[in-house]
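Report on the following structure.
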Amino acid sequence: MERHTGFLIGVDVTTMVTVVATALSMVVAPVPGATAAALTQVTGFGPNPGDIEMYLYVPDKVAPRPGVLVAMHGCDGSAVAFHQDTEFASLADRYGFIVIYPQANKSANGLSKCFDVWSDEALRHGGGSDPVSIVSMVDHVVRRHHADPRRVFATGFSSGAMQTNNLLATYPDVFTAGAPFSGVPYGGLGPGGWGDRTPQEWGDLVRGAYPGYSGPRPRVMAWHGTVDSVLPYALLRRQVDQWTNVWGLSQSPASTTSPQPDWTRRVYGSGQVEAYTVTGGDHNLPLPGMAAHAIRFFGLDRARTP
(Lines give C-alpha, C1' and ligand atoms only; values in the text may rest on other atoms or scores of the structure.)
Protein backbone atom coordinates (compact mmCIF):
# COMPACT_ATOMS: atom_id res chain seq x y z
CA MET A 1 0.00 0.00 0.00
CA GLU A 2 1.53 3.28 -1.05
CA ARG A 3 1.92 5.97 1.55
CA HIS A 4 0.49 9.44 1.16
CA THR A 5 2.27 12.31 2.83
CA GLY A 6 0.79 15.68 3.59
CA PHE A 7 2.72 18.86 4.31
CA LEU A 8 2.69 21.88 6.53
CA ILE A 9 4.01 25.06 4.93
CA GLY A 10 3.70 28.51 6.47
CA VAL A 11 4.52 31.40 4.14
CA ASP A 12 5.58 34.95 5.05
CA VAL A 13 5.27 37.83 2.59
CA THR A 14 8.08 36.56 0.41
CA THR A 15 9.11 33.03 1.32
CA MET A 16 7.61 29.69 2.13
CA VAL A 17 9.10 28.27 5.35
CA THR A 18 8.78 25.27 7.66
CA VAL A 19 7.69 21.94 6.32
CA VAL A 20 6.54 19.16 8.59
CA ALA A 21 5.74 15.88 6.86
CA THR A 22 4.10 12.70 7.97
CA ALA A 23 3.26 9.49 6.17
CA LEU A 24 0.11 7.48 6.38
CA SER A 25 -1.33 4.30 5.04
CA MET A 26 -4.98 4.32 3.98
CA VAL A 27 -6.69 0.95 3.79
CA VAL A 28 -10.09 0.54 2.20
CA ALA A 29 -11.85 -2.80 2.09
CA PRO A 30 -12.37 -4.21 -1.39
CA VAL A 31 -15.84 -3.70 -2.82
CA PRO A 32 -17.81 -6.88 -3.50
CA GLY A 33 -18.82 -7.38 -7.10
CA ALA A 34 -16.10 -5.16 -8.57
CA THR A 35 -16.54 -4.45 -12.27
CA ALA A 36 -14.16 -4.68 -15.21
CA ALA A 37 -13.67 -0.90 -15.36
CA ALA A 38 -10.06 0.14 -14.92
CA LEU A 39 -8.03 3.27 -14.33
CA THR A 40 -6.42 4.48 -17.56
CA GLN A 41 -3.92 7.18 -18.36
CA VAL A 42 -5.07 9.85 -20.81
CA THR A 43 -2.64 11.91 -22.89
CA GLY A 44 -3.22 14.81 -25.24
CA PHE A 45 -6.17 16.08 -23.20
CA GLY A 46 -5.47 19.75 -23.94
CA PRO A 47 -3.40 22.65 -22.57
CA ASN A 48 -1.16 21.34 -19.80
CA PRO A 49 1.04 24.16 -18.43
CA GLY A 50 1.47 22.25 -15.16
CA ASP A 51 2.92 19.28 -17.09
CA ILE A 52 0.90 16.90 -14.91
CA GLU A 53 -0.54 13.50 -15.82
CA MET A 54 -4.20 12.58 -16.16
CA TYR A 55 -5.69 9.28 -15.02
CA LEU A 56 -9.34 8.53 -15.65
CA TYR A 57 -11.86 6.11 -14.18
CA VAL A 58 -14.99 5.53 -16.25
CA PRO A 59 -17.34 2.96 -14.69
CA ASP A 60 -18.87 0.23 -16.82
CA LYS A 61 -22.29 1.78 -16.45
CA VAL A 62 -22.15 5.54 -16.90
CA ALA A 63 -25.17 7.65 -16.02
CA PRO A 64 -26.73 9.79 -18.76
CA ARG A 65 -24.91 13.12 -18.81
CA PRO A 66 -22.67 11.96 -15.96
CA GLY A 67 -21.16 14.17 -13.31
CA VAL A 68 -17.38 14.54 -13.05
CA LEU A 69 -15.28 14.32 -9.90
CA VAL A 70 -11.64 15.43 -9.71
CA ALA A 71 -9.95 13.46 -6.88
CA MET A 72 -6.45 14.54 -5.83
CA HIS A 73 -3.78 12.83 -3.75
CA GLY A 74 -1.47 14.29 -1.11
CA CYS A 75 2.25 15.05 -1.39
CA ASP A 76 4.42 12.00 -2.01
CA GLY A 77 1.30 10.15 -3.13
CA SER A 78 0.06 9.17 -6.56
CA ALA A 79 -3.05 9.21 -8.67
CA VAL A 80 -2.97 5.42 -8.96
CA ALA A 81 -2.74 4.88 -5.21
CA PHE A 82 -5.43 7.45 -4.46
CA HIS A 83 -7.70 5.59 -6.87
CA GLN A 84 -6.91 2.29 -5.14
CA ASP A 85 -7.00 3.50 -1.54
CA THR A 86 -10.18 5.58 -1.51
CA GLU A 87 -13.83 4.78 -2.16
CA PHE A 88 -14.51 7.25 -4.95
CA ALA A 89 -14.20 4.65 -7.74
CA SER A 90 -16.56 2.19 -6.02
CA LEU A 91 -19.06 5.03 -5.57
CA ALA A 92 -18.64 5.87 -9.26
CA ASP A 93 -19.52 2.24 -10.03
CA ARG A 94 -22.67 2.63 -7.95
CA TYR A 95 -23.84 6.01 -9.24
CA GLY A 96 -22.34 6.28 -12.73
CA PHE A 97 -20.18 9.40 -12.46
CA ILE A 98 -16.64 9.74 -13.86
CA VAL A 99 -13.51 10.31 -11.77
CA ILE A 100 -10.38 12.19 -12.86
CA TYR A 101 -7.23 11.48 -10.83
CA PRO A 102 -4.51 14.06 -11.64
CA GLN A 103 -0.90 13.15 -10.88
CA ALA A 104 0.98 16.03 -9.25
CA ASN A 105 4.68 16.59 -9.90
CA LYS A 106 5.78 19.69 -7.98
CA SER A 107 8.32 19.73 -5.16
CA ALA A 108 8.25 21.83 -2.01
CA ASN A 109 10.97 21.81 0.65
CA GLY A 110 11.93 18.19 0.29
CA LEU A 111 8.48 16.84 -0.55
CA SER A 112 7.60 15.68 -4.04
CA LYS A 113 4.46 15.03 -6.06
CA CYS A 114 2.65 18.06 -4.62
CA PHE A 115 0.05 20.21 -6.35
CA ASP A 116 1.02 23.82 -6.99
CA VAL A 117 -1.06 26.07 -4.72
CA TRP A 118 1.58 28.72 -4.02
CA SER A 119 2.79 30.21 -7.32
CA ASP A 120 1.27 33.36 -8.74
CA GLU A 121 0.18 31.37 -11.78
CA ALA A 122 -1.70 28.82 -9.68
CA LEU A 123 -3.45 31.40 -7.51
CA ARG A 124 -5.34 33.26 -10.23
CA HIS A 125 -7.93 32.42 -12.83
CA GLY A 126 -6.29 31.62 -16.16
CA GLY A 127 -2.81 32.01 -14.69
CA GLY A 128 -1.43 28.65 -15.65
CA SER A 129 0.28 25.81 -13.78
CA ASP A 130 -1.70 22.90 -12.31
CA PRO A 131 -5.18 24.51 -12.18
CA VAL A 132 -5.23 25.17 -15.93
CA SER A 133 -4.08 21.59 -16.56
CA ILE A 134 -6.86 20.20 -14.35
CA VAL A 135 -9.50 22.34 -16.04
CA SER A 136 -8.24 20.97 -19.37
CA MET A 137 -8.82 17.46 -18.03
CA VAL A 138 -12.38 18.40 -17.06
CA ASP A 139 -13.04 19.95 -20.48
CA HIS A 140 -11.74 16.79 -22.15
CA VAL A 141 -14.08 14.55 -20.14
CA VAL A 142 -17.08 16.81 -20.72
CA ARG A 143 -16.46 16.69 -24.49
CA ARG A 144 -15.41 13.06 -24.85
CA HIS A 145 -17.91 11.49 -22.46
CA HIS A 146 -20.81 13.94 -22.84
CA ALA A 147 -20.58 14.80 -19.16
CA ASP A 148 -22.64 17.52 -17.52
CA PRO A 149 -20.59 20.74 -17.15
CA ARG A 150 -22.98 21.83 -14.40
CA ARG A 151 -21.97 18.86 -12.25
CA VAL A 152 -18.18 19.10 -11.88
CA PHE A 153 -16.72 18.65 -8.39
CA ALA A 154 -13.33 18.53 -6.66
CA THR A 155 -12.03 16.65 -3.66
CA GLY A 156 -8.66 15.69 -2.26
CA PHE A 157 -6.44 15.00 0.71
CA SER A 158 -3.79 17.38 2.12
CA SER A 159 -2.06 18.84 -0.96
CA GLY A 160 -5.08 17.63 -2.95
CA ALA A 161 -7.38 19.34 -0.44
CA MET A 162 -5.41 22.55 -0.86
CA GLN A 163 -5.84 22.27 -4.62
CA THR A 164 -9.55 21.64 -4.08
CA ASN A 165 -9.92 25.01 -2.34
CA ASN A 166 -7.66 26.55 -4.97
CA LEU A 167 -9.82 25.31 -7.85
CA LEU A 168 -13.01 26.47 -6.15
CA ALA A 169 -11.53 29.95 -5.81
CA THR A 170 -9.88 30.28 -9.23
CA TYR A 171 -12.48 28.42 -11.31
CA PRO A 172 -15.91 28.94 -9.71
CA ASP A 173 -17.29 28.87 -13.24
CA VAL A 174 -16.14 25.24 -13.60
CA PHE A 175 -16.57 23.62 -10.17
CA THR A 176 -19.98 23.36 -8.53
CA ALA A 177 -18.74 22.16 -5.12
CA GLY A 178 -15.72 20.73 -3.34
CA ALA A 179 -14.79 18.57 -0.37
CA PRO A 180 -11.28 19.18 0.99
CA PHE A 181 -10.00 16.57 3.47
CA SER A 182 -7.28 17.93 5.81
CA GLY A 183 -6.74 21.11 3.85
CA VAL A 184 -5.80 24.76 4.01
CA PRO A 185 -7.92 27.76 2.97
CA TYR A 186 -7.34 29.22 -0.48
CA GLY A 187 -4.27 31.47 -0.43
CA GLY A 188 -2.91 29.88 2.75
CA LEU A 189 0.33 28.99 1.02
CA GLY A 190 0.58 32.31 -0.81
CA PRO A 191 2.01 35.59 0.49
CA GLY A 192 1.00 36.08 4.11
CA GLY A 193 0.61 32.38 4.85
CA TRP A 194 -2.28 30.99 6.86
CA GLY A 195 -1.91 33.22 9.89
CA ASP A 196 -4.87 34.90 11.52
CA ARG A 197 -7.11 36.82 9.15
CA THR A 198 -10.65 38.03 9.54
CA PRO A 199 -13.38 36.22 7.60
CA GLN A 200 -13.56 39.29 5.35
CA GLU A 201 -9.85 39.06 4.60
CA TRP A 202 -10.10 35.34 3.84
CA GLY A 203 -13.09 36.00 1.61
CA ASP A 204 -11.31 38.82 -0.18
CA LEU A 205 -8.57 36.40 -1.18
CA VAL A 206 -11.14 34.24 -2.99
CA ARG A 207 -12.80 37.22 -4.63
CA GLY A 208 -9.38 38.41 -5.82
CA ALA A 209 -8.63 35.05 -7.47
CA TYR A 210 -11.04 35.83 -10.31
CA PRO A 211 -11.57 39.60 -10.48
CA GLY A 212 -14.89 40.62 -11.94
CA TYR A 213 -16.52 37.22 -11.51
CA SER A 214 -20.16 37.60 -10.45
CA GLY A 215 -21.56 34.13 -11.02
CA PRO A 216 -22.51 31.44 -8.49
CA ARG A 217 -19.95 30.24 -5.96
CA PRO A 218 -19.16 26.58 -5.20
CA ARG A 219 -20.51 24.91 -2.10
CA VAL A 220 -17.88 23.53 0.28
CA MET A 221 -17.73 20.56 2.67
CA ALA A 222 -14.47 20.64 4.65
CA TRP A 223 -13.16 17.82 6.87
CA HIS A 224 -10.38 17.89 9.47
CA GLY A 225 -9.13 15.75 12.35
CA THR A 226 -8.70 17.27 15.80
CA VAL A 227 -5.24 15.73 16.31
CA ASP A 228 -3.90 16.27 12.79
CA SER A 229 -0.14 16.16 13.29
CA VAL A 230 0.68 17.86 9.98
CA LEU A 231 -1.94 20.53 9.31
CA PRO A 232 -3.39 22.13 12.46
CA TYR A 233 -7.07 21.56 13.21
CA ALA A 234 -7.51 25.35 13.43
CA LEU A 235 -7.29 25.42 9.65
CA LEU A 236 -10.81 23.99 9.48
CA ARG A 237 -12.13 27.14 11.17
CA ARG A 238 -10.26 29.31 8.68
CA GLN A 239 -11.76 27.44 5.75
CA VAL A 240 -15.20 27.97 7.27
CA ASP A 241 -14.47 31.66 7.80
CA GLN A 242 -13.37 31.98 4.19
CA TRP A 243 -16.25 30.27 2.47
CA THR A 244 -19.02 31.55 4.74
CA ASN A 245 -17.76 35.06 4.00
CA VAL A 246 -17.69 34.36 0.27
CA TRP A 247 -21.30 33.20 0.54
CA GLY A 248 -22.31 36.08 2.83
CA LEU A 249 -23.28 33.71 5.65
CA SER A 250 -23.00 33.88 9.42
CA GLN A 251 -19.90 32.24 10.87
CA SER A 252 -22.20 30.55 13.40
CA PRO A 253 -23.63 27.20 12.29
CA ALA A 254 -27.32 26.90 11.55
CA SER A 255 -27.23 23.33 12.88
CA THR A 256 -24.83 20.93 14.57
CA THR A 257 -25.25 17.15 14.47
CA SER A 258 -23.24 13.94 14.93
CA PRO A 259 -23.77 11.70 11.88
CA GLN A 260 -21.44 9.08 13.35
CA PRO A 261 -19.51 8.68 16.61
CA ASP A 262 -16.56 11.09 16.68
CA TRP A 263 -17.92 13.13 13.75
CA THR A 264 -19.43 16.57 14.29
CA ARG A 265 -21.19 18.13 11.33
CA ARG A 266 -21.80 21.87 11.27
CA VAL A 267 -24.03 23.34 8.58
CA TYR A 268 -23.83 27.02 7.65
CA GLY A 269 -26.59 28.91 5.93
CA SER A 270 -28.88 26.50 4.14
CA GLY A 271 -26.05 24.07 3.40
CA GLN A 272 -23.75 26.11 1.20
CA VAL A 273 -20.91 25.37 3.63
CA GLU A 274 -20.45 22.32 5.85
CA ALA A 275 -17.62 21.46 8.23
CA TYR A 276 -16.89 18.03 9.67
CA THR A 277 -14.77 17.72 12.80
CA VAL A 278 -13.30 14.23 13.22
CA THR A 279 -12.54 13.85 16.92
CA GLY A 280 -9.25 12.00 17.36
CA GLY A 281 -8.63 12.10 13.61
CA ASP A 282 -5.03 12.49 12.42
CA HIS A 283 -3.67 13.35 8.98
CA ASN A 284 -5.25 10.29 7.38
CA LEU A 285 -8.52 11.30 5.75
CA PRO A 286 -10.79 10.31 4.11
CA LEU A 287 -11.50 7.31 6.28
CA PRO A 288 -13.97 4.65 5.11
CA GLY A 289 -17.48 6.04 4.86
CA MET A 290 -16.47 9.67 4.47
CA ALA A 291 -16.37 9.67 0.68
CA ALA A 292 -20.03 8.69 0.57
CA HIS A 293 -20.95 11.82 2.53
CA ALA A 294 -19.03 13.95 0.05
CA ILE A 295 -20.75 12.28 -2.90
CA ARG A 296 -24.13 12.91 -1.28
CA PHE A 297 -23.19 16.56 -0.67
CA PHE A 298 -22.33 16.90 -4.36
CA GLY A 299 -25.59 15.25 -5.40
CA LEU A 300 -23.70 12.62 -7.40
CA ASP A 301 -25.84 9.94 -5.75
CA ARG A 302 -28.89 11.33 -7.56
CA ALA A 303 -29.95 11.60 -11.17
CA ARG A 304 -29.30 14.87 -12.97
CA THR A 305 -32.11 17.38 -12.74
CA PRO A 306 -33.20 19.11 -15.99
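Odds and ends about this structure:
- Label-to-label distance, residue 264 versus residue 196, with points set 7 angstrom from Cα along the beta-carbon direction: 2.1 nm.
- Looking at the range 110-208, the trypsin sites (Lys or Arg not before Pro) that sit in a DSSP loop and have at most 15 other Cβ atoms within 10 Å of their own Cβ are 150.
- Largest first, the residues 241, 262, 204, 130 sort by 1.4 Å accessible area into 262, 204, 241, 130.
- Selected from 102, 218, 47 as most flexible by GNM, with the chain as the system and alpha-carbon contacts under 10 Å: 47
- For the range 75-233, the mean projected area of the C-alpha convex hull, equal to one quarter of the hull surface, is 9.8 nm².
- The residues of the chain expose on average 38 square angstrom of accessible surface per residue, using a 1.4 Å probe on protein heavy atoms.
- For the range 287-294, Karplus couplings with θ = phi - 60° (6.51, -1.76, 1.60), whole Hz, Gly/Pro x: 7, x, x, 6, 4, 4, 5, 5
- One Cα centroid belongs to the range 283-299, the other to the range 261-277; the line between them spans 13 Å.
- In this structure, the amide hydrogen of residue 75, modeled 1.01 Å from its nitrogen in the peptide plane, lies closer than 5 angstrom to those of 5, 7, 159, 160, counting only residues at least 5 positions away or on a different chain.
- Whole-Hz ³J(HN,Hα) from phi, Karplus 6.51 cos²θ - 1.76 cosθ + 1.60, for the range 147-158, glycine and proline x: 6, 8, x, 7, 10, 10, 9, 10, 8, x, 10, 6
- Choice from 267, 278, 42 showing the highest fluctuation, given a GNM over the chain with Cα pairs closer than 10 Å: 42
- Placed amide H near residue 193: partners under 5 Å, 5+ positions off or other chain: 11
- Derived scalar couplings between HN and Hα for the range 137-145 equal 4, 4, 4, 4, 5, 4, 6, 6, 10 Hz in order, rounded to whole Hz, by the Karplus curve 6.51 cos²θ - 1.76 cosθ + 1.60 (θ = phi - 60°), x for Gly and Pro.
- 293, 145, 283, ranked by accessible area, largest first (probe 1.4 Å): 145, 293, 283
The values are calculated or read from the model by the stated rules, or taken from the named source; none is laboratory data. Fair warning: this is a prediction, and the values are worked out from it, not measured in the lab. As a convention, Cβ positions derive from the backbone with ideal geometry for all residues, glycine included, and neighbour counts pool all protein chains shown. What goes into the accessible areas is simple: the full protein's heavy atoms, side chains included, and nothing from ligands, DNA or RNA. Shrake-Rupley method; radii C 1.70, N 1.55, O 1.52, S 1.80 Å.
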